[in-house]
Amino acid sequence: MTTAAQQHAQRNRNTIFVENGELLRVDEFPGDQFILRIRAPKCAAAAKPGSFAHITCDDTLPMRRPLSIMRVEEDCIDVLFKIVGNGLRWLSQKRPGDSINVLGPIGQPFRPSVERPNSLLIGGGVGIPPMIFLADYICQDDGDWAPLAILGSELPFPFELKTSSIVTTWLEGGAGATMPLLESWGVPCRLATLSGFEGCFDGYVTDLADRWLSTLSAKALSKTEIFSCGPTPMLKAVTALADKYKLPCQVSLEEFMACAVGGCAGCAVKIKTVDGEAMKRVCVDGPVFDAASVVW
């Protein structure tokens, strides 16, 4: 193995931890959605926006499930998931005090630039958690950040909707619903859906984002960057929107994962590199990539 290959192989050494976490809280929401708070000190201390954890759902199930980290608070991580299959169903049935084995944090994080403080955070469905984590990270940083979060879901949102008191002059009345947590941080947030939820914008997240971007001056656009996580069709549309406005964009890809530590390569996707197209593993080479580099 060459020196360069060795360095690449060892990049994630001593950055991923295995620990038996303690489940502290289970919050259930409509649409079979759950938020778990797990005390996992090692994972919490090293996690960054875009990181995920590979979690054991049950002792009888050998395969873990990758879940995006939505928030870190002291020595705890919050994860959001929707039940898909028996593994996540078993995980949803855990109760406070139960032990949950956590492997993490895993993955390359989002990299916000202070030169572009107008951060547009676009999350869809189970792609919402990384946007919450990124908003929290930005709010705690000393930079002159001005984030805007646009979240979309066709299921009921996994939080109680609140009418925002933060004025958004670019969006006419009738679509003032927001996420209370982001509101408490002073982060403007608007919600998009095709399911007709009260107070939400009727359309796709990209429609809502386009409406905001179209109001920005050339100077404001030069300080804007897009970050996104969600289903592949949504991310492809977000990438097209970024290209329309000539904006840098980082996306967190969603792929099926077996090992989640780079060994099986089952989550590999095609990425443009300086040496041409190459297969990259979403788990450790990503999940965050430059949107323009992804071969959609």
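Just so you know, all these numbers are worked out from the coordinates, no wet-lab data involved. Please read these numbers as outputs of a predicted model, since none were measured by experiment. A quick note on method: Cβ atoms are made from the backbone with ideal geometry, for glycine too, and the neighbour counts reach across all protein chains shown.
Data for the structure
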read-out	value
Residue 26-residue 139 pseudo-label distance in nm [points 7 Å out on the Cα-to-Cβ vector]	2.8
Once exposed loop trypsin sites (Lys or Arg not before Pro) are cut out (DSSP; at most 10 other Cβ, 10 Å), longest piece of the chain	14-245
Spatially proximal lysines relative to residue 236 (Cα-Cα < 25 Å; intrachain offsets below 8 disregarded)	48, 82, 223, 244, 246, 270, 272, 280
Cα centroid separation, segment 86-135 to segment 137-200 (Å)	18
Coil-residue chymotrypsin sites (Phe, Trp or Tyr not before Pro) of segment 106-142, DSSP, other Cβ within 10 Å capped at 13	none
Alpha-carbon Rg/Rh ratio, for segment 151-296, with Rh computed the Kirkwood way	1.02
HN-Hα J in Hz across segment 166-174 - Karplus 6.51, -1.76, 1.60, θ = phi - 60°, x for Gly and Pro	8, 6, 10, 5, 7, 10, 5, x, x
